[in-house]
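Working notes for the structure below.
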Amino acid sequence: MFGISSLGWVHTLSSLPAIPLAIYMFVCYGRIVPRSKPGIIYFISMLIGAVTVFPIAHQSVSYIIGTTTILLLLAGYGIGRISNFEHAGKYLETIFLSLTAFLLMLPAVTETLTRVPVGNPIVKDLNSPILIGAQGSLFVILIVGLTAQIIHLRRQDKMISISRDV
């Protein structure tokens, strides 16, 4: 179905939980929180999805996205454990993990639009204005989302600073 191999289904089905988990964390916490139950499941889902892309990839950009996702995922989950990045760590963690969500959605949207409906997909060409518009929309969401997250973190830091002074 959809021209997806068995390993492709493993890749797809293991990656899918990361989408609602990311949305949940963005709504509830304003960012992906690595040291939370949804954050741990997000990590596992993203890691399996990113690793399984290598044997099924048909385009070189897939290897780049997979590698970048793994590196950002490891950096995002690891930076909070490095004491040298105390204050900046939360900001870097937020940026890195938001980028992983973007890198998940970019191929997800592309694959969906180029495969559905079966036999007559919405997009037949990777240069389609519909696909470029969808990818551009994801980029705008990333920029607006990151900006909102940074503002939210700054406000939290300000509130913490004020409460310490009192």
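Being under 15 Å from Pro17 (Cα atoms) and either touching a residue at least 12 places away in the same chain (Cβ under 8 Å) or exposed (fewer than 14 other Cβ atoms within 10 Å of the Cβ) (or both): is that true of Phe96 here? Taking the combined requirement at face value, the residue does not satisfy it. For the range 99-123, taking the residues that are over 13 Å from Leu16 (Cα atoms) and among the hydroxyl-bearing types (Ser, Thr, Tyr), the one that is nearest to the chain's Cα centre (by Cα) is identified as Thr100. Residue under question is Thr114, and the condition is that it be over 19 Å from Leu153 (Cα atoms) and in contact with a Lys or Arg (Cβ under 9 Å, 6 or more places away or on another chain); does it hold? The answer is yes for Thr114. If you go through the range 35-56 and keep only what is outside any helix (DSSP H, G or I) and either modelled with pLDDT of 95 or more or among the aromatic types (Phe, Trp, Tyr) (or both), you end up with just Ser36.
Residues that are hydrophobic (A, V, I, L, M, F, W, C) and either under 19 Å from Met25 (Cβ atoms) or at pLDDT 95 or above (or both) within the range 62-84 comprise Ile64, Ile65, Ile70, Leu71, Leu72, Leu73, Leu74, Ala75, Ile79, listed in sequence order. For the range 126-142, a residue qualifies if it is at pLDDT 95 or above and either open to solvent by less than 80 Å² (accessible area, probe 1.4 Å) or outside any helix (DSSP H, G or I) (or both), and the qualifying residues are Asn127, Ser128, Leu131, Gly133, Ala134, Gln135, Gly136, Ser137, Leu138, Leu142. Scanning the range 79-93 for residues being surrounded by 15 or more Cβ atoms within 10 Å (Cβ to Cβ) and either in contact with a strand residue (DSSP E or B) (Cβ under 7 Å, 6 or more places away or on another chain) or among the small types (Gly, Ala, Ser) (or both) gives a total of 2.
Evaluated against (1) closer than 17 Å to Phe43 by Cα; (2) surrounded by 15 or more Cβ atoms within 10 Å (Cβ to Cβ); (3) of a type in the set (A, V, I, L, M); (4) without any contact (Cβ under 8 Å) to a residue 40 or more places away in the chain, Leu113 falls short on exactly one condition, (1).
Residues that are open to solvent by 80 Å² or more (accessible area, probe 1.4 Å), more than 20 Å from Tyr77 (Cα to Cα) and among the hydrophobic types (A, V, I, L, M, F, W, C) do not occur anywhere in the range 22-36. Of everything in the range 57-78 that is open to solvent by 40 Å² or more (accessible area, probe 1.4 Å) and assigned to a helix (DSSP H, G or I), the residue that is nearest to Gly8 (Cα to Cα) is Tyr63.
The values are calculated or read from the model by the stated rules, or taken from the named source; none is laboratory data. Since the structure is predicted, the reported quantities are computational estimates derived from the model, not experimental observations. Note that each Cβ is placed from the backbone with ideal geometry, even for glycine, and that neighbours are counted across all protein chains shown. Quick note on the areas: whole protein, heavy atoms, side chains included, nothing else; ligands and nucleic acids left out. Shrake-Rupley method; radii C 1.70, N 1.55, O 1.52, S 1.80 Å.
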